[in-house]
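Okay, so here's the structure we're looking at.
The values are calculated or read from the model by the stated rules, or taken from the named source; none is laboratory data. Values in this document were obtained by computation on a predicted structure and should not be read as measured data. Positions of Cβ are generated from backbone atoms using ideal geometry, with glycine treated the same way; all protein chains shown enter the neighbour counts.
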Amino acid sequence: MKEHYSELSFILRQYLSERFGINLLEKTTIEAQLILKHYGLSENLLSEIGIILNGSDMVKFAKSAPEEKIIRANLDDCRNIVEQTTDERLTHV
């Protein structure tokens, strides 16, 4: 579980870092959300990102064990984040 959430958090942070040309890998969840807010992400999207990153921290550091439906929802939310932040110019290639 810890490995899964470590990877999920890394992949999301890496994607967002590359997408917006910033480094979120060494930022806290709150710092990452504040930085992303400057790029025009909606409050709903920022909230989804926060839920995933905070949940990942809970698993990694507090040994939390989310239910399977939460794990699946987190994966779906990650897909949603990617879809909502994909550069429109790249989707028509």
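Here's the yes/no breakdown for (1) in contact with an Asp or Glu (Cβ under 9 Å, 6 or more places away or on another chain); (2) of a type in the set (D, E, K, R):
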site	(1), (2)
Glu7	no, yes
Leu16	no, no
Glu26	no, yes
Tyr39	no, no
Ile51	yes, no
Lys63	no, yes
Glu67	no, yes
Ile70	no, no
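Lys63 is checked against (1) modelled with pLDDT under 95; (2) at negative phi and fails just one. What number does that condition carry?
Of everything listed in (1) modelled with pLDDT under 95; (2) at negative phi, Lys63 misses just condition (2).
Is it true that Leu36 is among the hydrophobic types (A, V, I, L, M, F, W, C) and farther than 24 Å from Met1 by Cβ?
Judged against the criteria, Leu36 is a match.
If you take the residues in region 1-35 that are among the acidic types (Asp, Glu) and part of a helix (DSSP H, G or I), which one is modelled with the lowest pLDDT?
Glu3
Restricting the first residue to region 37-55 and requiring it to be farther than 16 Å from Arg19 by Cα and touching a residue at least 12 places away in the same chain (Cβ under 8 Å), which pairs with a second residue that is surrounded by 15 or more Cβ atoms within 10 Å (Cβ to Cβ) and among the β-branched types (Val, Ile, Thr) meet a Cβ separation below 7 Å and a spacing of at least six or different chains?
Glu48/Ile81; Gly50/Thr29; Leu53/Thr29; Asn54/Thr29
Identify, by number, the condition in (1) farther than 15 Å from Leu8 by Cβ; (2) touching a helix residue (DSSP H, G or I) at 6+ places or on another chain (Cβ under 7 Å); (3) among the acidic types (Asp, Glu) that Glu67 doesn't meet.
(2)
Need the failing condition index for Glu83 against (1) at pLDDT below 95; (2) part of a helix (DSSP H, G or I); (3) surrounded by 14 or more Cβ atoms within 10 Å (Cβ to Cβ), just the number.
Among (1) at pLDDT below 95; (2) part of a helix (DSSP H, G or I); (3) surrounded by 14 or more Cβ atoms within 10 Å (Cβ to Cβ), Glu83 violates only (3).
Across region 12-31, which residue is surrounded by the most Cβ atoms within 10 Å (Cβ to Cβ) among those that are under 16 Å from Gln84 (Cβ atoms) and of a type in the set (A, V, I, L, M, F, W, C)?
Among those residues, the one meeting the criterion is Leu16.
Across region 36-71, what is the number of residues that are polar (S, T, N, Q), within 18 Å of Thr86 (Cα to Cα) and not in a loop (DSSP other than H, G, I, E, B)?
2
Which one of Ser56, Ser47 is modelled with pLDDT of 95 or more and either of a type in the set (D, E, K, R) or under 12 Å from the mean Cα position of the chain (by Cα) (or both)?
It is Ser47.
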